[in-house]
Each structure stands twice: as C-alpha cells, then as structure tokens.
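To start, the structure itself, in structure tokens.
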Amino acid sequence: MELQREELEKLYSDTFRGLHSGAILKGKVLQMKQDGAIVDVGTKCEGFIPTSELPEEERKNLKRGDEIEVFVMDLRDPDGFVSLSRERALKIKTWEILEDACNTGVCIDGKITGKVKGGMTVEISGITAFLPGSHVDIKNIKDVDYLVGMVCPFKVITINNKRSNIIVSRRAVLEEQREIMKKQTLSNIKEGAIVTGVVKNLTDYGAFIDLGGLDGLLHISDMSWGKISHPGELFSIGDSIEVKVLSYSQENEKVTLGYKQKKPDPWIDAEKRYPPSKKILGKVTNIVEYGIFIELEEGLDGLVHVSEFDWLEKVKRPSKYFSIGDTVEAVVLNVNSASKRISLSIKQLKSNPWETINEKYSIGQRVSGIVKSLSDFGAFIILDDGVDALLHISEMSWTKHIKHPSEMLKKGQNIEVVIMNIDPEKERISVGLKALTEDPWIGIIPNKYKVGDQIKGKITKIADFGMFIELEGGVEGLIYSSEIEKPADKTLDEVYKPGMELTASIIKLDAAEKKIGLSMKTTGNTEP
C-alpha cells in the first residue's frame with residue numbers, strides 16, 4: 001500500500017514536473033473545439049484553453065499543430081485538464097515588452113482606438129494605454145478624429161509598477177523622426193538646389209514649406225513671375241511641390257525658397273519674342289477703369305488701353321465689354337522689358353476708318369445720322385459707318401437762340417446734316433443742321449424787317465438781361481430789360497411768362513451779328 005502511494009506520487013510528480021500556477025509555457029495545439037482548444041504543454045497531461053481565454057483574432061485562425069505560449073491558470077480543472085489562458089500569456093509578454101520599451105526608449109506599435117478626456121486610447125497587443133493630447137502630434141491638432149483606427153509607433157514614457165497605467169507618446173516618435181529627417185535635409189541643403197517639400201501653412205505674405213524636418217519660407221513674390229494676390233491662388237496645404245533654395249543660413253537654419261526661379265524670367269528677350277505688330281491670343285487677367293490686362297504667357301501681362309479698344313467708339317467702362325477669363329486677340333504695340341510693360345491694341349486688328357474718311361465724305365455733303373448723345377455744347381451724331389460727328393449748338397439754327405441742344409433734338413432721333421469739316425488726323429468730323437437751308441439773314445430778314453417796324457411775337461425765354469420773342473418765320477428778337485415796361489415793384493418773371501404774345505418795335509437790326517433788338521416803350525405797350 002505504501003509502495004503504491006510512492007508510485008502515484010512519483011507518477012504525479014513526473015506528470016506535472018515544471019507545471020505550476022502562473023507559469024508560462026510553450027504548447028502545441030492538438031485540437032480545436034467549439035468551446036476552446038486542447039493544447040499539449042510538454043507533460044504527460046493536456047491543457048485546455050477556453051474560448052474566453054483566446055484572443056478574438058486567434059479564434060478564427062488557430063489550427064492543429066500551431067505552437068503558442070500559454071499561461072497556467074490551474075493544474076487540474078473538473079475535466080482533468082490543466083487550465084490554460086492564451087490571452088493572459090500575451091498580456092504578460094506585452095507588459096514585459098512595454099517595460100523594456102520604457103527602459104530602453106525603443107518604439108512599439110499600437111492602434112489608436114478612440115478619444116477620451118484629455119487625450120486618446122491606444123491598444124497595444126490587447127493592453128490599453130493612454131495617449132495625452134499634448135503627445136498626439138508635434139503641432140496642435142484641433143480635430144483628431146482622423147487618427148482613430150490608425151496604427152503607428154509610440155514611445156512608452158510612463159508605466160507604473162502595478163501594471164495598471166501606461167502613458168505613451170506619438171509626438172516623441174515624430175520629433176525623433178523629424179530630427180533624423182532634418183539631419184538628412186541639412187546635408188542636402190545648399191543655395192541653388194532643387195528640393196521637394198510639402199506646403200505646411202499659408203499666409204498673406206507667403207507659404208511655409210516642410211522640407212523634411214526643416215521649414216523654409218516661400219515668399220509670395222517668389223511664387224510666380226506673374227501677379228498673384230494670395231498664395232492660395234497657386235497652392236493648398238498638403239501640396240507636394242518642387243522649390244529652389246535661394247538662400248540658407250546655417251546659424252539660424254533659415255531657408256528662403258523660390259518657385260518661379262525654376263523657370264527663366266519671361267521678361268528676358270520678351271522684346272524679341274513679341275515684336276511690334278505681332279498678333280497674340282491671351283486671357284483677360286484684370287479689368288481696370290483705363291483698360292484690360294491680357295496674359296501673353298505665365299508672368300507676362302500686356303495692357304490694352306481704352307483708347308486702343310475701337311477706332312470709333314470711345315469706351316468708358318471696359319467691364320461692360322470684357323470679363324476676367326475672356327480669350328481676347330490683340331496686337332503688340334510696344335514691349336519694354338526694363339519697366340516690364342507691354343502695350344497692346346485691339347483696334348489695330350482692323351483698318352483705321354479715318355484713313356479713308358476723305359474718300360467717303362466731303363465738305364458740303366448731306367448725310368443721315370442718329371443722335372447718339374447730347375451735351376451743353378452740342379450733339380454727337382452717328383453717321384452710317386459708325387463714325388461720330390459733332391453738331392455744335394451754334395450750327396443748329398439760323399434764327400433761334402438755343403440754350404441747350406435738347407430744345408431741338410432727342411437722343412436716338414434720325415436727322416439729316418451737312419458735312420462742315422473733316423480732320424482725319426484728329427479723328428474729327430463737324431456737321432451742321434442749319435446749313436440745310438439758306439441763311440435768312442442774307443436778304444430775307446433785312447428785306448422783311450426794318451428799324452421802327454412794330455411787330456407781334458410770343459415770349460420764348462426770359463433772362464436777367466431781357467426777353468426773347470419769336471417773330472414770324474421763327475426769327476428771334478431780344479427785348480432788352482431796359483426796354484421792357486413793367487411795375488417797379490415786380491420782377492420780369494412775375495409779370496411775363498413764356499408763351500405770352502407781345503407787341504414791340506424794332507430798334508436795332510444787325511444782319512452781320514444776326515441780332516434784332518426790340519423795345520416795348522416805343523409802342524406804348526405797358527401791359528402784357
């Protein structure tokens with residue numbers, strides 16, 4: 001009986017040699033069952049891992065023959081198996097790795113799983129660590145949602161002895177990587193070098209370019225040979241661009257970059273590439289009161305002055321005819337590379353109608369036209385081919401005293417006029433309306449009216465110096481204020497009104513000056 005007990009104890013000792021609760025052993029999967037896995041741990045008994053003690057990913061992929069490390073939970077469960085846990089074995093190994101990473105400073109991969117107060121959570125082989133907000137990135141990030149789900153390396157900066165709290169840093173890894181990149185970048189930085197960088201930030205005066213651990217400034221004046229008002233017209237944050245190193249200071253590690261310098265200055269040899277009379281096709285880049293700017297090529301804009309829009313029409317508002325982005329054809333007038341100016345013309349694409357104006361019109365010729373506009377001194381008349389002619393107020397009537405052209409003409413009215421003068425050099429034509437009839441002051445009026453005659457007429461205008469009276473035949477005479485009968489306590493406007501009929505005597509008739517002077521005093525007419 002005593003011998004049997006010794007044999008059983010020996011058998012138990014041989015069976016469980018090396019086994020004890022809390023031990024971590026290597027085992028081989030013998031069978032996968034619905035409720036767990038049977039594992040050979042190298043003894044004369046088998047172990048069992050319940051499904052709850054298997055990591056979720058391994059439940060799907062674990063198969064017979066796979067070697068795994070397991071944690072001994074109990075030497076014997078109710079079914080006679082050694083109770084094992086795969087998940088605890090992994091966690092213990094992970095803690096050992098985390099402690100080693102904290103002590104040595106090596107990086108360890110983890111997955112950012114979510115946001116919490118003050119930071120984010122990171123899963124490292126089943127263990128949850130805390131990532132403080134200040135350690136998420138090198139720069140302050142307002143929206144960190146895009147990081148959730150990202151797998152990246154971390155530095156373990158704190159781990160307590162009770163293995164209940166782990167703090168990791170992504171910033172420390174990025175700073176380390178940036179320092180390595182910075183050393184590599186500095187080894188390649190030299191004036192004139194072409195380097196690749198990423199647009200990090202945009203300001204009104206330029207853009208900051210990340211060259212790899214080192215930022216460089218690309219000033220707005222070095223972005224384009226043309227004119228831009230803001231860097232955002234060319235670049236967006238995150239763009240990868242090639243730039244040229246313009247200057248580098250080793251003392252403060254300041255790098256100045258250029259983008260336009262990758263191409264030669266377009267103003268060099270611009271005078272040769274764009275000689276006078278060359279036709280160009282470009283887009284409108286800017287519209288101002290005095291003209292439009294057209295882009296010939298990147299960095300080269302030419303001005304079409306309003307005076308170069310049309311031979312005939314005087315354009316006052318360029319925006320009425322053009323929009324930014326319009327494709328326009330023009331002719332080069334002049335290029336000045338020193339002052340960086342190009343003068344263009346649109347009207348030069350067509351022949352100048354003033355060069356042949358004498359072939360179409362002659363002095364004394366009767367022509368038809370349309371009243372284009374009225375001014376204090378006259379009216380502009382559009383002739384058949386679009387040429388504007390001036391009808392001066394003095395050329396509207398032989399007999400009437402006209403204060404404003406609107407008394408005789410209306411805008412849009414079709415009238416017949418006579419060509420009075422043609423000046424092709426000054427691009428001017430003057431016309432007359434009264435010239436359609438003979439001058440009544442030669443023969444007709446002197447023969448019809450004599451000094452001393454009494455006449456009747458209607459008041460047409462009242463002025464400070466007198467009243468204009470329309471006589472028979474449309475002739476106007478003037479009653480001077482000194483020759484008007486009225487009560488002393490009343491003004492002319494109070495006594496007389498336009499349209500009233502009066503009787504007056506002719507006291508002066510000057511055919512040369514085309515004037516008839518009248519008086520009410522010699523007629524005895526004291527009442528209107």
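The values are calculated or read from the model by the stated rules, or taken from the named source; none is laboratory data. Since this is a predicted model, take the numbers as computed values, not measurements. Here the Cβ positions follow ideal geometry from the backbone for every residue, glycine too, while neighbour counts run over all protein chains shown.
What to note about this one:
- Any chance residue 120 is outside any helix (DSSP H, G or I) and in contact (Cβ under 8 Å) with a residue 12 or more places away in the chain: yes
- Answer from 198, 168 - the residue that is in the same structural domain as residue 123 (by TED's automatic domain parsing) and touching a residue at least 40 places away in the same chain (Cβ under 8 Å): 168
- Within region 473-503, the set of residues being surrounded by 11 or more Cβ atoms within 10 Å (Cβ to Cβ) and either assigned to a loop (DSSP other than H, G, I, E, B) or not assigned by TED's automatic domain parsing to the domain that holds residue 462 (or both) comprises 475, 484, 485, 486, 491, 496, 497, 498, 500.
- Residue tally, condition free of Cβ contacts under 8 Å to residues at least 12 places away in the same chain and aromatic (Phe, Trp, Tyr), over region 282-312: 1
- Qualifying residue in region 239-251 (condition: touching a Ser or Thr at 6+ places or on another chain (Cβ under 9 Å), among the polar types (S, T, N, Q) and in contact (Cβ under 8 Å) with a residue 12 or more places away in the chain): yes
- Taken over region 423-439, the criterion of being in contact with a Phe, Trp or Tyr (Cβ under 6 Å, 6 or more places away or on another chain) and either free of Cβ contacts under 8 Å to residues at least 40 places away in the same chain or of a type outside the set (Asp, Glu) (or both) is satisfied by 424, 434.
- Looking across region 310-324, the residues that are in a loop (DSSP other than H, G, I, E, B) and either over 23 Å from residue 226 (Cβ atoms) or out of contact with any strand residue (DSSP E or B) (no Cβ under 8 Å at 6 or more places or on another chain) (or both) come down to 310, 311, 312, 313, 314, 315, 316, 317, 321.
- Scope region 166-202; condition out of contact with any Leu (no Cβ under 7 Å at 6 or more places or on another chain), surrounded by 13 or more Cβ atoms within 10 Å (Cβ to Cβ) and of a type in the set (Val, Ile, Thr); matching residues: 167, 173, 189, 198, 199
- Residues of region 31-73 satisfying the condition of being surrounded by 13 or more Cβ atoms within 10 Å (Cβ to Cβ), in contact (Cβ under 8 Å) with a residue 24 or more places away in the chain, charged (D, E, K, R) and not in a loop (DSSP other than H, G, I, E, B): 46, 53, 58, 69
- Qualifying residue in region 143-150 (condition: under 28 Å from residue 56 (Cβ atoms), in contact with a strand residue (DSSP E or B) (Cβ under 7 Å, 6 or more places away or on another chain) and either at pLDDT below 90 or in the same structural domain as residue 201 (by TED's automatic domain parsing) (or both)): yes
- Boolean, residue 156 is surrounded by 13 or more Cβ atoms within 10 Å (Cβ to Cβ), touching a Phe, Trp or Tyr at 6+ places or on another chain (Cβ under 8 Å), of a type in the set (Val, Ile, Thr) and more than 30 Å from residue 228 (Cα to Cα): no
- Failed item in (1) in contact (Cβ under 8 Å) with a residue 60 or more places away in the chain; (2) assigned by TED's automatic domain parsing to the domain that holds residue 171, with residue 95 passing the rest: (2)
- Taking (1) without any contact (Cβ under 8 Å) to a residue 60 or more places away in the chain; (2) part of a strand (DSSP E or B) in turn, residue 338 satisfies each apart from (2).
- Any hit, region 268-290, residues being among the small types (Gly, Ala, Ser) and assigned to a strand (DSSP E or B): yes
- Qualifying residue in region 492-504 (condition: within 24 Å of residue 397 (Cβ to Cβ), small (Gly, Ala, Ser) and without any contact (Cβ under 8 Å) to a residue 40 or more places away in the chain): no
- Strands (runs of 3 or more DSSP E) lying entirely in region 372-466 (those with 2 or more residues that are surrounded by fewer than 16 Cβ atoms within 10 Å (Cβ to Cβ)): 414-423, 454-463
- Taken as a whole, the structure leaves residue 280 outside the set of residues that are over 12 Å from residue 335 (Cβ atoms) and surrounded by 18 or more Cβ atoms within 10 Å (Cβ to Cβ).
- Residues that are over 35 Å from the mean Cα position of the chain (by Cα), polar (S, T, N, Q) and assigned to a loop (DSSP other than H, G, I, E, B), drawn from region 138-161: 160, 161
- Residues in region 289-323 that are among the hydrophobic types (A, V, I, L, M, F, W, C) and more than 26 Å from residue 426 (Cα to Cα): 5 in all.
- Of the residues making up region 505-518, not a single one is under 30 Å from residue 370 (Cβ atoms), among the hydroxyl-bearing types (Ser, Thr, Tyr) and not assigned by TED's automatic domain parsing to the domain that holds residue 400.
- If you go through region 504-521 and pick out every residue that is more than 22 Å from residue 402 (Cα to Cα) and assigned to a strand (DSSP E or B), you end up with 2.
- Count - residues of region 202-218 that are of a type outside the set (Val, Ile, Thr) and under 18 Å from the mean Cα position of the chain (by Cα): 5
- Just so you know, in region 235-260 the residues that are under 18 Å from residue 298 (Cβ atoms) and aromatic (Phe, Trp, Tyr) include one that is farthest from the chain's Cα centre (by Cα), and it is 259.
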